Amino acid sequence: MEETKESLTFKGVAERLTLGITRILENMPGVVDVRVVEREPAEKRSLLSWEQKNTCILPEDLRDFYLTTDGFTLTWSVKLDNECVPLGCMMINSVSSLCPLLQPVSLFSLPNAPSLADLDWEEDGAESGRGCAPAAPHFDSRSRIFELHSCGVNGKVCLVYKNCTTGVVAQQSEFWFLDRSLCWHLLTATFTSYYRLMITHLGLPEWQYAFTPYGPSPQAKQWASLYQPLTFSSELNFADPAGDSHLNKLDPTKAFKGKAKVPVLKKKQSTPCSLGSTAKSQSSAVRHHSGGKR
């Protein structure tokens, strides 16, 4: 009985955490193997220990999330040719896995070895030329960056504290996406907004690239148009009013519509017999006309 109550309790918590997206996924055509990983709530002392270790204050909504569940993982697959292919993945790292993106330099590393901090070569004047765009995080001590979700080979979603000072506790945070070319793109200012974005995009591959100037790959766009048509079409209209030329646009009513063949009128060719009869009629008419004159 106790195990049944615990499973029902977790089911209710999972339903609230996923905003009912599991039922929507299970009813989609071709979607199989929808899984939500069960996790216990994080302890308050582990949150305090993280804040003291990293000299940062967790956002209030992220703290409440960890006090509900220590991380979140929801995956789903599609069935193609009798084979299950993993497709969607929604993930929030646990407190213990919320590690700094910039690890301390090892004593055994080469003194002149390149690091991410070498990318911060731009001057402040060059950064101010970006207009009203928010200032990107730095890879040096000016920013404290923590990996919230590793998106495979597609990039990383990070919890970022900017304008940091050594020894001073950082409080203001944002959520940024670091793409494969190590360029930063602002996602949201709060964890709640990011979590809703993740749920809305169903954890589809490369959904974070919708917030970049170049967008997802053509294959990712095809998956989004199949399983997320409403949000995907609105994003397309917002980004490019003329639509997207990478998608295969097929109208079945036009592609498979039978075309009526227009009959071709052929001129009737004269046969040798008809030519002979025509000549005879013409010669008789000439004789009749000449006999009348005589």
Restricting attention to the stretch 144-167, the residues that are more than 21 Å from Ser96 (Cα to Cα) and open to solvent by less than 60 Å² (accessible area, probe 1.4 Å) number exactly 3
Taking first residues from the stretch 211-226 that are under 23 Å from Val78 (Cα atoms) and second residues anywhere that are aliphatic (A, V, I, L, M) and part of a loop (DSSP other than H, G, I, E, B), the pairs with Cβ under 8 Å that are 6 or more apart or on different chains are Pro218/Leu247; Ala220/Leu204; Lys221/Leu247; Gln222/Leu247; Trp223/Leu204; Ala224/Leu204; Ser225/Leu247
Hey, does the stretch 5-14 have a residue that's under 30 Å from Trp223 (Cα atoms), open to solvent by less than 60 Å² (accessible area, probe 1.4 Å), within 27 Å of the chain's Cα centre (by Cα) and at pLDDT below 90?
yes
For Trp50, the lone unmet condition from (1) of a type outside the set (Ser, Thr, Tyr); (2) modelled with pLDDT under 85; (3) more than 21 Å from Leu204 (Cα to Cα) is (2)
Of the residues in the stretch 70-105, those that are polar (S, T, N, Q), within 30 Å of Pro29 (Cα to Cα) and assigned to a loop (DSSP other than H, G, I, E, B) come to Asn82, Asn93
Pairs, first closer than 21 Å to Cys99 by Cβ in the stretch 59-78, second acidic (Asp, Glu) and open to solvent by 20 Å² or more (accessible area, probe 1.4 Å), C-beta under 8 Å, six or more apart:
Thr69/Glu40; Asp70/Glu40
Any idea how many residues of the stretch 168-186 are open to solvent by less than 20 Å² (accessible area, probe 1.4 Å) and either part of a helix (DSSP H, G or I) or of a type in the set (A, V, I, L, M, F, W, C) (or both)?
5
Exclusive hit being hydrophobic (A, V, I, L, M, F, W, C) and exposed (fewer than 13 other Cβ atoms within 10 Å of the Cβ), set Leu101, Leu58, Leu74, Leu80
Leu80
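The values are calculated or read from the model by the stated rules, or taken from the named source; none is laboratory data. Predicted, not measured: the structure shown is a model, and the values here were computed from it. A quick note on method: Cβ atoms are made from the backbone with ideal geometry, for glycine too, and the neighbour counts reach across all protein chains shown. For the accessible areas, the whole protein counts, side chains as well, though only heavy atoms, and no ligand, DNA or RNA atoms are used. Shrake-Rupley method; radii C 1.70, N 1.55, O 1.52, S 1.80 Å.
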